[in-house]
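Report on the structure given below.
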Amino acid sequence: MLMVKKFGGTSVADKEKIFNVANRCIEDYKKGNKIVVVLSAMGKHTDELISLANEISINVPKREMDMLFTVGEQITVSLMAMAFDKLGIPAVSLNAFQVRMLTNANYGDAEIIKIETERIQAELSKNKIVIVTGFQGIDENNNYTTLGRGGSDTTAVALASYLNADSCEIYTDVDGVYTADPRIVNDAIKLENISYDEMLELANLGAGVLHNKCVKLAKANNIKLVVRSSMSNLERNSCI
């Protein structure tokens, strides 16, 4: 079984959380599954990069901003690969250039055109966990691009489609999709199952669990999304 697992920035914000994610992935790896992990930048690292850029100029070229942004995810995937190695599990980290995740040149909000899966498949055939940078791609001139809001979710769904994955799991700091933010509304109801269109409506109304671009891509490619908590092993909600 081939599983794509995406973890957001809060799930990998520090050493303890990185090892938590690694151990979660190892559970499924040891069951004989092939694992592809998609990661966002650690914690608030993207905000820190924006602050650094603003110290230089308030009118930063979009191409250079994307070049800067890609640093965040590359830090996370390399640290995660080190964590797997520490735990005795073979793994490799890959950025968008190494994967060949091809996009248009719409810097800051690029669209994925094609993913060349040969490198990922080769690494999986060596029984490695493959860790891929979320949120980023490359254009036809090998310039780095970023995918905009929810970009790591979009990366995960696109990879699941191109790899014909058996599952695509989106891990967050909440335990599924609710009728409202459970951290704010005490009586918010968890939705055990939700359609693509219903999830799109929630996303358009501001729900932060999944971005509408990610859900649209999942719907177009018939990818089942499972939203799970990065801190709990309980079964979570799906978007079908």
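The values are calculated or read from the model by the stated rules, or taken from the named source; none is laboratory data. Source: prediction; values computed, not measured. No Cβ is skipped: glycine too gets one built from the backbone with ideal geometry, and neighbour counts run over all protein chains shown. Please note that ligands, DNA and RNA were not included when accessible areas were found on the heavy atoms of the full protein model with its side chains. Shrake-Rupley method; radii C 1.70, N 1.55, O 1.52, S 1.80 Å.
Within the full protein context, the accessible area of GLU192 is estimated at about 100 Å² for a probe radius of 1.4 Å. Screening the chain for DSSP H helices whose Cα atoms reach 24 Å or more along their own axis and whose mean Kyte hydropathy is at least -0.5 gives 62-86. For region 1-129, the relative contact order works out to 24 percent when only alpha carbon pairs closer than 8 Å and six or more residues apart are counted. In the elastic network of the chain, a GNM with C-alpha springs shorter than 10 Å, the most mobile of GLN136, GLN121, GLN74 is GLN121.
Its relative contact order, with pairs defined as Cα atoms under 8 Å and 6+ residues apart, puts the chain at 21 percent. Once each part is reduced to its C-alpha centroid, what is the distance from region 1-33 to region 134-163 in angstrom? Region 1-33 and region 134-163 have Cα centres spaced 20 Å from each other.
Measuring against 19 Å, Cα to Cα, the residue pairs LYS34/LYS126; LYS5/LYS62; LYS62/LYS216; LYS62/LYS219 contain LYS5/LYS62; LYS62/LYS216; LYS62/LYS219 as the ones spanning a longer distance. The trypsin sites (Lys or Arg not before Pro) of region 1-101 that DSSP puts in a loop, and whose beta carbon has at most 16 other beta carbons within 10 Å, are LYS30, LYS31, LYS44.
Sequence-distant contacts, meaning Cα pairs under 8 Å at least 6 residues apart, place the relative contact order of region 67-145 at 39 percent.
For region 43-127, the fraction of 1.4 Å probe accessible surface lying on carbon and sulfur atoms is 55 percent. Pairs of Cα atoms in the chain fall into 10 Å distance bins, from 0 up to the last occupied one, in shares of 8, 33, 38, 18, 3, 0 percent. Within the assembled protein chains, the solvent-accessible surface assigned to LEU200 is about 20 Å², based on a 1.4 Å probe. Per-residue ellipticity at 222 nm from helix content only, as computed over the chain with -39500 (n - 2.57) for each DSSP H run of at least four residues, stands at -12500 deg cm²/dmol.
Roughly how many Å² is the accessible area per residue of the chain, as a whole number, for a 1.4 Å probe? Don't skip to the end; give the middle numbers.
Numbers: 11380 Å² over 240 residues.
Accessible area per residue, the chain: 47 Å².
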